[in-house]
Amino acid sequence: MNRRTLLKSGGTALLGLGLGGCRPAGPPRVSPVRPARPRLNLAPVHVSWDRVIRTTVGLRPHRDGGFVLRTDKLDDKVLVHNYGHGGAGMSLAWGCGTLVGDLVQPAGRRRVAVIGCGSPGLTTARQLQRRGYDVTIYAAAVPPDTTSNMSWAGYTPTSGLILPERRTPEWDAQFRSAAEVSYRQLQLMVGPRYGVYWIDSYNATDDPNPRPGGGGDSDLVPEHLRTGQDREVLGPGEHPFPTRYAIRQSNLAIEPSIYLDALVQDFQAFGGRIVIKRFESRRDLAALPEPVIVNCTGLGSFSLFEDEELVPVKGQLTFLVPQPEVNYRASAQLPDNSNASINPRRDGIVVGNSQERGVWSLEPNEEIRRRNVDNAIAFFSRMEPPAAGARLTRSEAPRVAPAVESFFDWGDTAVAPRRSIAS
Ligand SMILES: Cc1cc2nc3c(=O)[nH]c(=O)nc-3n(C[C@H](O)[C@H](O)[C@H](O)COP(=O)(O)OP(=O)(O)OC[C@H]3O[C@@H](n4cnc5c(N)ncnc54)[C@H](O)[C@@H]3O)c2cc1C
């Protein structure tokens with residue numbers, strides 16, 4: 001996203017306001033702004049404490065050095081690691097599963113044990129089945145009790161993934177490939193069966209200019225590709241939010257409970273078996289009958305493989321009673337720099353999100369819960385209701401095809417695109 005894009009997509013509104021560096025001091029010379037386009041009629045979201053139905057906690061498996069995707073040995077077995085996806089394990093899983101397939105192939109063995117039944121484990125198992133492998137999943141926990149079920153679950157391929165200084169050309173190549181394969185796969189899954197769909201996301205703001213400087217991922221792709229082609233700046237009067245602007249972009253959304261259950265069903269329909277089992281040590285793993293083992297244990301690799309670079313990044317979501325008519329995401333930064341956000345799903349309206357690095361507790365943090373709900377009440381209660389009798393604006397598939405790079409700014413703590421590949 002750059003100035004050229006901003007001018008392309010939001011030019012009318014910005015020129016009308018005389019915003020930016022060109023604005024002279026003193027009263028504006030332009031006439032009062034008239035909305036260029038009719039105001040969006042977004043369904044009001046009802047946020048109040050008596051609508052709260054639950055709070056969930058998950059621990060993102062973060063590594064400063066990024067996810068681990070490589071071959072190892074365990075006695076006479078081939079061991080392939082695929083873990084440490086931070087805040088991007090829902091987004092990158094299909095692509096990482098393909099890369100696992102490439103690593104498993106030279107072993108020439110057909111029976112594979114996948115350890116772990118979250119998003120990385122299930123997608124890896126499916127990618128291996130598609131190549132004809134006989135796969136068994138072994139896991140201590142299965143959906144709905146995995147970290148993946150606790151995900152906010154947008155297509156956020158760079159979120160909380162790696163420290164910029166730890167990137168290598170080899171890791172970048174794996175990331176790039178995983179992001180592209182996953183983007184394509186998720187597009188194919190759009191629909192109620194998998195709970196994947198396109199959704200409009202609004203970032204309500206008084207400053208529509210992208211943050212200068214960018215973050216650690218800004219050189220992952222050439223600048224000319226980072227166009228955010230479907231980014232649209234809505235000016236005053238064109239949106240219902242209590243800010244001057246709202247930036248609209250499309251994102252791919254995943255409903256974790258629908259999606260993960262469907263993956264389990266697919267895996268079993270293609271002959272896969274699931275065994276509930278906790279492994280305490282490598283020795284336990286070595287006793288498995290399969291000659292090839294794929295490690296998709298996420299944070300479990302901290303003790304199982306003594307990977308002390310793994311660190312939990314605790315994330316907490318609070319859910320309100322579902323509102324099927326609300327079918328857009330929205331977020332805003334409040335004056336105290338905290339966020340207000342909503343993410344509507346079939347299982348409830350998610351308010352807020354959080355990142356607490358190094359916290360292993362699965363207990364909800366009451367202070368964060370209060371802040372998330374209070375912020376959402378404060379912000380969304382100030383939205384303008386739709387005009388009486390007007391048709392509600394509905395999310396739709398993007399008008400122009402977003403390149404995979406346009407999702408590289410998205411973080412899982414807010415719906416607004418941002419530049420961050422580090423947590
Ligand atoms: C609040 C929140 C918001 C998020 N938002 C997003 C987002 O918007 N987009 C995105 O892409 N990602 C997001 N994520 C991140 C995503 O959820 C994770 O990257 C992903 O779920 C990690 O999957 P995993 O396989 O590592 O862990 P899990 O889903 O927990 O799977 C690990 C599996 O390994 C098994 N296991 C572990 N240890 C052992 C053992 N010793 N023996 C046997 N089995 C074992 C577990 O039982 C489990 O089955 C979010 C996460 C959170 C918490």
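The values are calculated or read from the model by the stated rules, or taken from the named source; none is laboratory data. Fair warning: this is a prediction, and the values are worked out from it, not measured in the lab. All Cβ positions, even for glycine, are placed from backbone atoms using ideal geometry, and neighbour counts span all protein chains on display.
Being more than 15 Å from the ligand (Cβ to nearest atom) and either surrounded by fewer than 23 Cβ atoms within 10 Å (Cβ to Cβ) or not small (Gly, Ala, Ser) (or both) is a property that residue 233 has. Can you tell me how many residues in region 359-379 are more than 23 Å from the chain's Cα centre (by Cα) and more than 12 Å from residue 318 (Cβ to Cβ)? Residues flagged as more than 23 Å from the chain's Cα centre (by Cα) and more than 12 Å from residue 318 (Cβ to Cβ) within region 359-379 amount to 2.
Somewhere in region 112-127, is a residue outside any helix (DSSP H, G or I) and either at pLDDT below 95 or away from the ligand (no atom under 14 Å from the Cβ) (or both)? Yes - at least one qualifying residue is present in region 112-127. Note on region 88-111: residues that are in contact with a Lys or Arg (Cβ under 7 Å, 6 or more places away or on another chain) and either modelled with pLDDT under 95 or within 8 Å of the ligand (Cβ to nearest atom) (or both) total 0. A Cβ distance below 6 Å, combined with a sequence gap of six or more or placement on separate chains, defines the contacts here; from region 122-133, residues that are within 13 Å of residue 102 (Cβ to Cβ) reach residues that are crowded, with 24+ Cβ neighbours inside 10 Å and small (Gly, Ala, Ser) in the pairs 124/97; 127/97. Among the residues of region 287-314, those that are more than 12 Å from the ligand (Cβ to nearest atom), under 20 Å from residue 124 (Cα atoms) and surrounded by fewer than 22 Cβ atoms within 10 Å (Cβ to Cβ) comprise 289, 290, 291.
Look through region 128-148, keep the residues that are near the ligand (Cβ under 7 Å from one of its atoms) and touching a Leu at 6+ places or on another chain (Cβ under 9 Å), and return whichever of them is farthest from residue 187 (Cα to Cα). Restricting to residues being near the ligand (Cβ under 7 Å from one of its atoms) and touching a Leu at 6+ places or on another chain (Cβ under 9 Å), the top hit is 138. Per the conditions (1) more than 16 Å from the ligand (Cβ to nearest atom); (2) under 18 Å from the mean Cα position of the chain (by Cα); (3) basic (Lys, Arg), the sole criterion not satisfied by residue 184 is (1). Taking the condition part of a strand (DSSP E or B), within 15 Å of the ligand (Cβ to nearest atom), aromatic (Phe, Trp, Tyr) and touching a Gly at 6+ places or on another chain (Cβ under 9 Å), does residue 279 pass? Judged against the criteria, residue 279 is not a match.
Yes or no: region 257-268 includes at least one residue that is of a type in the set (Ser, Thr, Tyr) and surrounded by fewer than 23 Cβ atoms within 10 Å (Cβ to Cβ). Yes, region 257-268 has at least one match. One residue stands out in region 306-320 among those that are among the β-branched types (Val, Ile, Thr) and in contact with an Asp or Glu (Cβ under 9 Å, 6 or more places away or on another chain): the one that is nearest to residue 345 (Cα to Cα), namely 313.
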